[in-house]
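Quick notes on the structure that follows.
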Amino acid sequence: MQKTFYEKLKYQCDSKESRLCIGLDVDYNLLPDNFNKTIEGTLDFLKIIIDSTSELCAAYKLNMGFFEQFGSKGYELMEKTVEYIDGRSITIADGKRGDIGNSSRMYAKSIFNQIGFDSATVSPYMGMDSVTPFLEDDSFGAFVLCLTSNPGSNDFQKNIYKNEPLFINVLNKLKDLSNQNVGIVVGATQEEDMRLLRDLGPQMTWLIPGIGKQGGNLEMSVSLGNRQESFGIINVSRDILYYKDSSKDSVKFRANYYHQKIKEILNNGK
């Protein structure tokens, strides 16, 4: 029997004792000098990142914009990257898709069936019919934008609707689905509201960006994200990819730093 997305994620988290997600947001202009600043050079760099970190991380997140900027060649690069990961860790397509039902269904087919991702980030702005197509096959998952780490999140997400902030309305709608394969994006920079989200959604899986260069609180994110049977996946991108000289040893050292730090926080919370 095919595993559900939640089962696949749980296996990665438990077997590796990891909650680390590495963001593969590679800007080829920032590649080390020993790599060609081309699509081919980017793939070579990505392969080294994956080979040196796959035992340490539960997931890889690919921001689709970093690949789509190259058109069809970028899609090919994305497909080859997912293929190279080859189930060693969960893959997340960070494209923040969300459209009317049938269009979302086509996006889901592209991301899951064509490119081969395990999950996707989804925007709920157009309503739940833009989210549910990503959940029709329970072997795939969706992380729905709820309370994000960027400064502009305050423009809409904290506005009051039906006596509650909009991000709480999003959480409540997702809770109504009673679906383990749906999670939410919760920014590590949102310390004040993270406790509220966890109290109101104790079983909800979190994808947590904002650690590293954005200055989010790692200890609070790990502690609140991982309560009871819930998982809080900590995404780190630039602070691993471009650590020191971006060599294989440097990247592995930095990934292991986060892996061990997260594990220490988890163990202290038991």
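The values are calculated or read from the model by the stated rules, or taken from the named source; none is laboratory data. None of the values given here were measured: they were computed from a predicted structure. Here Cβ is always computed from backbone atoms with ideal geometry, including for glycine, and neighbour counts include all displayed protein chains.
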May I ask you to say which residue of Asp51, Asp33 is in a loop (DSSP other than H, G, I, E, B) and surrounded by fewer than 18 Cβ atoms within 10 Å (Cβ to Cβ)?
Asp33
I need the full set of residues from segment 187-217 which are of a type outside the set (Gly, Ala, Ser) and surrounded by fewer than 19 Cβ atoms within 10 Å (Cβ to Cβ), in order please.
Glu191, Glu192, Asp193, Arg195, Leu196, Asp199, Leu200, Pro202, Gln203, Lys213, Gln214, Asn217
Across (1) under 20 Å from Phe112 (Cβ atoms); (2) in contact with a strand residue (DSSP E or B) (Cβ under 8 Å, 6 or more places away or on another chain), Phe67 clears everything bar (2)
Taking the stated definitions as given, is Asp14 surrounded by 14 or more Cβ atoms within 10 Å (Cβ to Cβ), more than 22 Å from Lys248 (Cβ to Cβ) and acidic (Asp, Glu)?
no
Could you tell me how many of the residues in segment 205-230 are at pLDDT 90 or above and either out of contact with any Pro (no Cβ under 7 Å at 6 or more places or on another chain) or of a type outside the set (S, T, N, Q) (or both)?
17
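On the given criteria, is Leu266 hydrophobic (A, V, I, L, M, F, W, C), touching a residue at least 24 places away in the same chain (Cβ under 8 Å) and farther than 25 Å from Met64 by Cβ?
So Leu266 passes the test.
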Matching entry among Gly101, Gly95 (being modelled with pLDDT under 95 and either out of contact with any Lys or Arg (no Cβ under 9 Å at 6 or more places or on another chain) or over 30 Å from Glu191 (Cα atoms) (or both))
Gly101
Which one of Lys47, Lys80, Lys37 is without any contact (Cβ under 8 Å) to a residue 60 or more places away in the chain, in contact with a helix residue (DSSP H, G or I) (Cβ under 7 Å, 6 or more places away or on another chain) and under 24 Å from His259 (Cα atoms)?
Lys47
